[in-house]
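I have placed the structure first, in the form of structure tokens, so that the comments after it can refer back to it.
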Amino acid sequence: MKIDRLIGILSILLQKDSVTAPDLAERFEVSRRTINRDIEDLCRAGIPIVTRQGAGGGISIMDNYRIDRTLVNRTEMQDILAGLRSLDSVNGTNRYGKLMEKLSAGSSDFFVGDQSVLIDLSSWYKESLAPKIEIIRAAIDVRRELMFRYYSPNGESERRIEPYYLIFRWSSWYVWGWCTKRKDFRLFKLNRMENVCLSEEKFEKRRAAMPDLTDERIFPGGIQVKALFEPECKWRLIEAFGPDCFREQEDKRLLFQADYTDREHLLTWLMTFRDQVTVLEPEEIRTQIRDCAERICRRYDTDR
């Protein structure tokens, strides 16, 4: 991708006094004309690059501008490495690993040494997820609409969107785009999308601000939950909500309080604790759990 190449060229220029266009073209497997356009783009971005013709000439960053040839220190670069490797874990390729090889050209010890941070973004749905990510990235790059079938708590629907951002949040992948059906920006979870494909329709880029994905915006709350959990549940509560979500009682049970948004998700989560939780509030949640338990008992009684 072009942005990968621009980062690579900038890294080489920061590490070397001078480099020639043919060398860059060979390293990045593009034409000299493409390299020249990339250099122009870097100049427009505010990087003071100069070119010198003839013997001993080449491309370099202006000496009087270069206060520090290093954009980041070793620790910061190791974090960048970990982040880029995590993207390879999504689709099982070595695309970003190859990018790092290009970035490391002419470097000293930035790219060597043991890695202390390892990030794996792969999931159980890797085989179906990776192709979706590639299609969505392509759609964003070429400004083509996406078509897919979407599954939500409200049912199934055919959707067509103008994609703007591919997002990893809340341990899952999402795409943010303008939904032609809802006439508004929407967030779609990739695991709920099926038959994802590029449309022939191109779109003009809208004034799309970065999506506000704060928990307060997406999960505004509204259901005040109070429940007593058995001591054996402590690790699960801490894992999900942190150590401040409960108070230990004299009988060692855990008084849990939280503000929930999604009723169905709350009921499902509480039921996973079986008989190790007693809901105190709200009363309607207590009633729904009791009714659900009774229906389960009747189902098993009639199946005999």
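For PHE28, PHE246, PHE168, the sequence from fewest to most other C-beta atoms within 10 Å is PHE168, PHE28, PHE246. Listed here are the pairs LYS132/LYS181; LYS2/LYS132; LYS181/LYS202; LYS189/LYS226; which of them are more than 23 Å apart at the Cα? Pairs exceeding 23 Å: LYS189/LYS226. Add +1 for every Lys or Arg and -1 for every Asp or Glu among the other residues with Cβ under 14 Å from the Cβ of ASN154, and state the total. Once all neighbours under 14 Å are counted, the net charge is +4. Loop-located GluC sites (Glu not before Pro) in the stretch 243-304 (DSSP state not H, G, I, E or B) with no more than 15 neighbouring Cβ atoms inside 10 Å: GLU250.
In this label model, GLU194 and PHE168 are separated by 2.7 nm, measuring between points 7 Å along each Cα→Cβ vector. The length gained by stretching the chain between GLU127 and SER152 to full extension, at 0.36 nm per residue less their Cα-Cα distance, is 6.9 nm. Backbone geometry of the stretch 12-17 corresponds, through the Karplus equation with coefficients 6.51, -1.76 and 1.60 at θ = phi - 60°, to 3J(HN,Hα) couplings of 5, 5, 6, 9, 10, 5 Hz, x marking Gly and Pro. Ordering LYS252, LYS16 by the number of other Cβ atoms within 10 Å of each residue's own Cβ, fewest first, gives LYS252, LYS16. In order along the stretch 38-47, the phi-based Karplus estimate (6.51 cos²θ - 1.76 cosθ + 1.60, θ = phi - 60°) of 3J(HN,Hα) comes to 5, 5, 4, 5, 5, 5, 5, 7, x, 8 Hz; Gly and Pro are listed as x.
Under a model in which nothing but the beta-carbon of Lys, Arg (+1) and Asp, Glu (-1) is charged, the stretch 227-304 shows a dipole of about 300 debye around its Cα centre. Taking Lys and Arg as +1 and Asp and Glu as -1, the other residues whose beta-carbon sits under 15 Å from that of GLN224 total -2. When only Cα pairs below 8 angstrom with a gap of at least 6 residues are kept, the stretch 126-208 shows a relative contact order of 33 percent. When the Cα positions of ALA293, PRO282, LEU267 are compared along the charge dipole of the stretch 219-302, ALA293 comes out farthest toward the positive end, with charges on each C-beta of Lys, Arg, Asp and Glu. With bins 5 Å wide beginning at 0, the percent of Cα pairs of the stretch 188-272 falling in each bin runs 3, 10, 15, 17, 14, 10, 8, 7, 6, 4, 3, 1, 1, 0.
What does DSSP give for the stretch 219-302 in terms of the percent of beta bridges that are antiparallel, rounded to the nearest 5? For the stretch 219-302, the DSSP antiparallel bridge percentage is about 100.
Rule-based calculations on the coordinates, nothing more; no lab input. For clarity, every value in this text was computed on a predicted model and none was experimentally measured. Cβ: placed from backbone, ideal geometry, glycine included. Neighbour counts: every protein chain shown.
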